[in-house]
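So the structure is just underneath, and the comments pick up after that.
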Amino acid sequence: MAQITDRMDKTLENLAHEFSKVRTGRANANILSDITVDYYGVATPITQVAAVKVPEAHMLVVEPWDKSLLNAIVHAINASDLGITPSSDGTIVRLPFPAPTEERRRGLVKECREIAEQARVSIRNIRRDVNGKIERDEELSEDDIRREQAQVQKHTDAYIKKIDEMLKTKEAEVMEI
């Protein structure tokens, strides 16, 4: 059961990470975590070459430690599919987050539901793998197998419920104006 818990916890952590990248209209430094910039020939995440600050709810400020990276950061953000146009004043990069339209918010909710469904599928795959191992275990009787599988199913249901709660919270956050 400890192995199942570890694998399912990792799925929840991944879901939280994926949800953090969904734009909600509020400035969130996590959306830059997957954008890389060429730093002396090495693709490096922006968060490792610059300070990312949130001075107000709808503004993100990126302040590179090496000022020569400023244009590369602007280019990397433009090349990403964030839908945000950065503005640079020579020392920092500002990212204004406009409030999404109703249609855009509904699209983001749909995207969140797809991410949550992928997490549910992952949890179910873990259940399938563990049930397969239980069935192949020759030391267990049929009653023991059924008991173990029932326990795995309870565990699966609990994690599916956690995913649904995380989705509900994220949907409320996205739909908030």
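Loop-located chymotrypsin sites (Phe, Trp or Tyr not before Pro) across segment 1-81 with a Cβ neighbour count of 15 or fewer within 10 Å are Tyr40, Trp65, with loop assigned by DSSP.
If contacts are Cα pairs under 8 angstrom and at least 6 residues apart, what is the relative contact order of segment 115-166 in percent?
54
Separation of segment 124-177 from segment 71-108 is 38 Å, based on Cα centroids.
Database remark: amide H of Met59 closer than 5 angstrom to the amide H of Ala27, Phe97 (H placed geometrically; neighbours at sequence offset of 5 or more, or on other chains; Pro and chain starts carry no H).
Averaged per residue, what accessible area in Å² does the chain show with a 1.4 Å probe, protein chains only? Mind showing how you got there, number by number?
Working: 10610 Å² over 177 residues.
Solvent-accessible surface per residue comes out at 60 Å².
Each other residue within a Cβ distance under 9 Å of Ile31 adds +1 if Lys or Arg and -1 if Asp or Glu, for a net charge of +1.
A full extension of the chain between Arg128 and His75 corresponds to an added length of 14.6 nm, given 0.36 nm per residue minus the alpha carbon distance. Calculated translational diffusion coefficient of segment 73-142 (4 °C, 1.567 mPa s; Stokes-Einstein with Kirkwood radius over alpha-carbon pairs) equals 78 µm²/s. What distance in nm separates the simple spin-label points at Asp89 and Ala172, each placed 7 Å from Cα in the Cβ direction? Roughly 3.7 nm, to one decimal. Amide H contacts of Tyr39: Thr44, each under 5 Å away and 5 or more positions distant or on a separate chain (H built 1.01 Å from N in the peptide plane; Pro and chain starts excluded). Within straight-line reach of Lys53, meaning a Cα separation under 30 Å, sit the following lysines at least 8 residues removed in sequence or on another chain: Lys10, Lys21, Lys67, Lys110, Lys168, Lys170. Given the alternatives [x] 12.9; [y] 12.2; [z] 11.6, mean projected area of the Cα convex hull in nm² as computed for this entry is given by [x]. Counted by Cβ distance under 12 Å from Ser80, the other residues give a net charge of 0, where Lys and Arg count +1 and Asp and Glu count -1. Whole-Hz Karplus values for segment 85-101 come out as 9, x, 10, 10, 10, x, 10, 9, 10, 9, 10, x, 9, x, 5, x, 6 Hz, taken residue by residue from phi with 6.51 cos²θ - 1.76 cosθ + 1.60 and θ = phi - 60°; glycine and proline positions read x. Exposure here means at most 15 other Cβ atoms within 10 Å; with GluC sites (Glu not before Pro) in a DSSP loop as sites, the longest stretch of the chain lacking them is 1-137.
For the chain, averaging the sequence separation of C-alpha pairs within contact (under 8 Å, six or more residues apart) and dividing by the residue count gives a relative contact order of 23 percent. Projected label points at Glu102 and Glu56, each 7 Å from Cα along the beta carbon direction, are separated by 2.6 nanometres. Its DSSP H runs of at least 4 residues, each contributing -39,500 (n - 2.57), put the calculated 222 nm mean residue ellipticity of the chain at -20000 deg cm²/dmol, to the nearest 500. Label sites at Glu165 and Asn30, each approximated as a point 7 angstrom past Cα along Cα to Cβ, lie 1.7 nm apart.
The values are calculated or read from the model by the stated rules, or taken from the named source; none is laboratory data. For clarity, every value in this text was computed on a predicted model and none was experimentally measured. Cβ coordinates were reconstructed from backbone atoms using ideal geometry, including for glycine residues, and neighbour counts include every protein chain displayed. For accessibility, only protein heavy atoms count, side chains too; no ligands or nucleic acids. Shrake-Rupley method; radii C 1.70, N 1.55, O 1.52, S 1.80 Å.
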